[in-house]
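Step one of this worksheet: look at the structure below.
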Ligand code: CAA
């Protein structure tokens, strides 16, 4: 892999993916996104991994889709390249995925962070959808996910003016989970991933799927979907172990079975 570094067991049961195009502020070119898709698929299929942290570097999580790669494209070129089918696959990652964001998370970078299930940010993080400033608009989910996360008025302002928000604003708007000093953002994200990795990976996967379903359906169908997944957890050994451990007043030892 040229543009990402993948460490499957960076910590027990926790994988780390680091975007690695530092000179370009981790601009998301087609190859990087393809590598990311393949890495996430491999980690999804790796039974030793129960949670994944996605990060950039201190200066940039990612400064957006690669503008230089897109600058001379026509609509038909973009249609044929179909870059967002890669994003669709990334969205289908079944294991919990946490973004550890420092510095710029702009355009596709903000959209990639929002594609993750949770966001831990450093105090230096800046979030924005500045596509309007280069004559386009968000294309990887920004108008939808940002609006659902922070509401119409704030999303309109960010998308129509291109203004950035800092980590504290992002936290108060409900876009992210935590803000910590820059020295701690990665450790904090790994800590959150480790907490999740101690749970039943089957229950975590089914719960993630049910929460995501809430964005795509009405309440009645969402509750029905949740119930089916809840019942499904009862077919796992982890359910037996979790409930038995509670009764025996000991810590559960989940096997992901
Ligand atoms: N694409 C390609 N290259 C990029 C880039 C991007 N999105 N963002 C930064 N770079 C490159 C710069 O061109 C520069 O390269 P050179 O040294 O070869 O000139 C290098 O990264 C460092 O960037 P700057 O010198 O600009 O760094 P800065 O600290 O002065 O500014 C910044 C940082 C404010 C993030 C600025 O780089 C910037 O505005 N970047 C573009 C942000 C943007 O518009 N993102 C949206 C992209 S479109 C999109 O994402 C569509 C979608 O929804 C999928």
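The values are calculated or read from the model by the stated rules, or taken from the named source; none is laboratory data. Keep in mind that what you see is a predicted model, and the values were worked out from it rather than measured. Reconstructed Cβ throughout: ideal geometry from the backbone, glycine too, with neighbour counts over all protein chains shown.
Somewhere in the range 164-176, is a residue farther than 19 Å from residue 120 by Cα and touching a helix residue (DSSP H, G or I) at 6+ places or on another chain (Cβ under 7 Å)? So that I can check it myself, show each step before the final result.
Taking the range 164-176 and keeping what is farther than 19 Å from residue 120 by Cα, we get none.
No, there is no match, as no residue in the range 164-176 is farther than 19 Å from residue 120 by Cα and touching a helix residue (DSSP H, G or I) at 6+ places or on another chain (Cβ under 7 Å).
When you scan the range 116-149, how many residues do you find that are near the ligand (Cβ under 7 Å from one of its atoms) and surrounded by fewer than 16 Cβ atoms within 10 Å (Cβ to Cβ)?
Qualifying residue count, the range 116-149: 3.
Pick from 84, 104, 127: which is under 26 Å from residue 216 (Cβ atoms) and out of contact with any helix residue (DSSP H, G or I) (no Cβ under 6 Å at 6 or more places or on another chain)? Quick ask: steps written out before the conclusion?
Details: 104 fails: under 26 Å from residue 216 (Cβ atoms); 127 fails: out of contact with any helix residue (DSSP H, G or I) (no Cβ under 6 Å at 6 or more places or on another chain).
The conditions single out 84.
Pick from 245, 204: which is under 17 Å from the mean Cα position of the chain (by Cα) and surrounded by 12 or more Cβ atoms within 10 Å (Cβ to Cβ)?
Working: 245 fails: under 17 Å from the mean Cα position of the chain (by Cα).
From the options 245, 204, the qualifying one is 204.
Against the condition more than 15 Å from the ligand (Cβ to nearest atom) and touching a strand residue (DSSP E or B) at 6+ places or on another chain (Cβ under 8 Å), how does residue 99 come out, does it pass? Don't jump to the end; show me each part of the working.
On the way: more than 15 Å from the ligand (Cβ to nearest atom): yes; touching a strand residue (DSSP E or B) at 6+ places or on another chain (Cβ under 8 Å): yes.
Yes: the conditions hold for residue 99.
Return the residue satisfying two criteria in turn: it lies in the range 19-53 and is within 15 Å of the chain's Cα centre (by Cα) and within 16 Å of the ligand (Cβ to nearest atom), and of such residues it is surrounded by the most Cβ atoms within 10 Å (Cβ to Cβ).
28
Give me the pairs: first residue in the range 13-30 and free of Cβ contacts under 8 Å to residues at least 40 places away in the same chain, second residue in a strand (DSSP E or B) and crowded, with 17+ Cβ neighbours inside 10 Å, beta-carbon distance under 6 Å, and six or more apart or on different chains, which are they?
Going by the 6 Å Cβ cut-off, the qualifying pairs are 15/52; 17/4; 17/6; 17/54; 18/55; 20/4.
Can you name every residue in the range 10-35 that is at negative phi and either modelled with pLDDT under 95 or touching a strand residue (DSSP E or B) at 6+ places or on another chain (Cβ under 6 Å) (or both)? Show your work before the answer.
We begin by selecting, within the range 10-35, every residue at negative phi; these are 10-12, 14-24, 27-35.
If the condition is that a residue be at negative phi and either modelled with pLDDT under 95 or touching a strand residue (DSSP E or B) at 6+ places or on another chain (Cβ under 6 Å) (or both), then 10, 14, 15, 16, 17, 18, 19, 20, 28, 35 are the ones that fit.
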